[in-house]
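What follows is one structure encoded as structure tokens, with my remarks underneath.
The values are calculated or read from the model by the stated rules, or taken from the named source; none is laboratory data. As the structure is a prediction and not an experimental result, all values here were calculated from the model. Cβ: placed from backbone, ideal geometry, glycine included. Neighbour counts: every protein chain shown. The accessibility values were calculated without ligands, DNA or RNA, using every heavy atom of the protein model including side chains. Shrake-Rupley method; radii C 1.70, N 1.55, O 1.52, S 1.80 Å.
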Amino acid sequence: MKKAARTMIITGGNTGLGFETAKVIAKSSADWHVVIASRNQQKGEEAVRALIQSTNNPNISAMILDLSSTTSINHFAEQFIEADVPPLYAIVCNAGAGFAKGTQETEDGVEATFGVNHLGHFLLVRLLLNQVEEQGRIIIVSSDTHDPSKKTGMPSPRYTSPSILADPAASDQFLGNLSDLSKGQLRYTTTKLCNLYFTYELTYRIQQAKRSISTAAFNPGMMPGKGSALTRDYKPFQRFIWNNILPMLRFVHPGIRSTRQSGKDLANLIMMDSMNSGAYWDGPKQIPSSDESYNKERAVELWNWSSRKLGLPKDI
Ligand SMILES: NC(=O)c1ccc[n+]([C@@H]2O[C@H](COP(=O)([O-])OP(=O)(O)OC[C@H]3O[C@@H](n4cnc5c(N)ncnc54)[C@H](OP(=O)(O)O)[C@@H]3O)[C@@H](O)[C@H]2O)c1
């Protein structure tokens, strides 16, 4: 078996966008070792089997990572550091969750949308940053739903201090008398805005530390259909629309895509020869993110708060 030359970790790689991205990367060359980071061992192993079969690349493995548990994230990082895999070239923070059936919390008592989409990935990247080789990449999957100027059908983010966003009861109170679905959607778009604050502040700190790792935020566009399980928590009728009606709009709306199409775009970003750091990519195109996403004060506040909450130093 030919040994791979570089490793990519992709969170949520067992399904949806993550799976499609892993497939393109693994198929491109057996030089890539792909780590499917999945919270469910069985799903991770099934994905690995399917990927090895469809790509003929044997260098694919599964590791357990539950982003709603700091214990699991710490364990993942320790296991990864000890694993016999080639140097870490890319971390792709792809996993994402939204909740439509009321407020959920993580094992650590953090509101779960914020916990998984922002805080879990923040911890993962901070723990593995020193493992990433120079010229390597960190890519954070965000969403155009963070941007009120794009007509995505989702509510505009409602950002407030991280201590409120992270606290299940305080965040409930902050969102007032909205339905569970509306609260879930607001939390989702707000965490996708947090993904951009994280990307931009990480970029700045990597440059300050004189390291040459490149970063990017990526918008895959809306990917309705059975390829994405993002609406798993929605009512059956809403899931029916997502699975069967919305995919047809792909042919008339450029913002509506498939997991396969966006998986190719994301994989291209990971494999691109050189990439300028800190950009926001809408599929294959670099574009500005929302005006609100360039708020430096908030990016610093979120970075400092997240570091404190996780017991990490502010500096990388
Ligand atoms: N679908 C869209 O229209 C759309 C639009 C814009 C942006 N995005 C973004 O694209 C990314 C991928 O979305 P997708 O459509 O591929 O979603 P998906 O099909 O629901 O896949 C999400 C992945 O995240 C994993 N995940 C969820 N909670 C986790 C946790 N606590 N720990 C570890 N992994 C967890 C899921 O694991 P399980 O399989 O175990 O549930 C799954 O592997 C997300 O960041 C999403 O916000 C999606």
Rounded Å value of the spacing that divides the Cα centres of segment 127-192 and segment 242-290:
19 Å
Could you put Leu175, Leu312 in order of accessible surface area, largest first, with the 1.4 Å probe and the full protein assembly present?
Leu312, Leu175
Per residue of the chain, what 222 nm ellipticity follows from adding -39500 (n - 2.57) for every DSSP H run with n ≥ 4, rounded to the nearest 500?
-12500 deg cm²/dmol
3J(HN,Hα) from dihedral phi, segment 26-39, Karplus parametrisation 6.51/-1.76/1.60, rounded to Hz, x for glycine, proline:
4, 6, 5, 5, 6, 5, 8, 9, 10, 9, 8, 8, 9, 6
Please find, in a Gaussian network model of the chain (springs between Cα atoms separated by less than 10 Å), the residue of Tyr294, Tyr188, Tyr280 whose mean-square fluctuation is greatest.
Tyr294
Measure out, as a whole number of angstrom, how far apart the alpha-carbon centroids of segment 198-229 and segment 14-63 sit.
20 Å
Return the single residue from Arg260, Arg298, Arg49 with maximal mean-square fluctuation; model: Gaussian network over the chain, springs between Cα atoms under 10 Å.
Arg49
Along segment 246-254, what does the Karplus equation 6.51 cos²θ - 1.76 cosθ + 1.60 (θ = phi - 60°) give for ³J(HN,Hα), rounded to whole Hz, x for Gly and Pro?
4, x, 5, 6, 3, 6, 10, 10, x
Tally the DSSP beta bridges in the chain and give the antiparallel ones as a percent, rounded to 5.
10 percent
Which percent of the accessible heavy-atom area of the chain goes to carbon and sulfur, probe 1.4 angstrom?
50 percent
Give the Rg (one decimal place) followed by the Dmax (whole number) of segment 1-108, computed from C-alpha coordinates and expressed in Å.
14.0, 48
In segment 6-309, if the dipole is taken from +1 on Lys/Arg beta carbons and -1 on Asp/Glu beta carbons about the Cα centre, which of Leu193, Thr70, Ile91 is farthest to the positive end?
Leu193
Just the accessible area for Tyr159, please: 1.4 Å probe, Å², rounded to the nearest 10?
30 Å²
Using only the alpha carbons of the chain, determine the length spanned along each of the three principal axes and report them from longest to shortest in whole angstroms.
58, 46, 36
Quick one: which of Lys183/Lys235; Lys23/Lys235; Lys183/Lys264; Lys192/Lys309; Lys264/Lys309; Lys151/Lys183 span more than 24 angstrom between C-alpha atoms?
Lys23/Lys235; Lys183/Lys264; Lys264/Lys309
Percent of C-alpha pairs per 5 Å bin, segment 187-316, short to long
2, 9, 15, 18, 17, 15, 12, 7, 4, 1, 0
Tell me, what is the per residue accessible area of the chain in Å², probe radius 1.4 Å?
45 Å²
Rounded to the nearest 20 Debye, what is the dipole magnitude of segment 107-190 about its Cα centre when Lys and Arg each give +1 and Asp and Glu each give -1 at the C-beta?
340 debye
Roughly how many debye, to the nearest 20, is the charge dipole of segment 6-309 about its Cα centre, given +1 on each Lys and Arg Cβ, -1 on each Asp and Glu Cβ, and no other charges?
800 debye
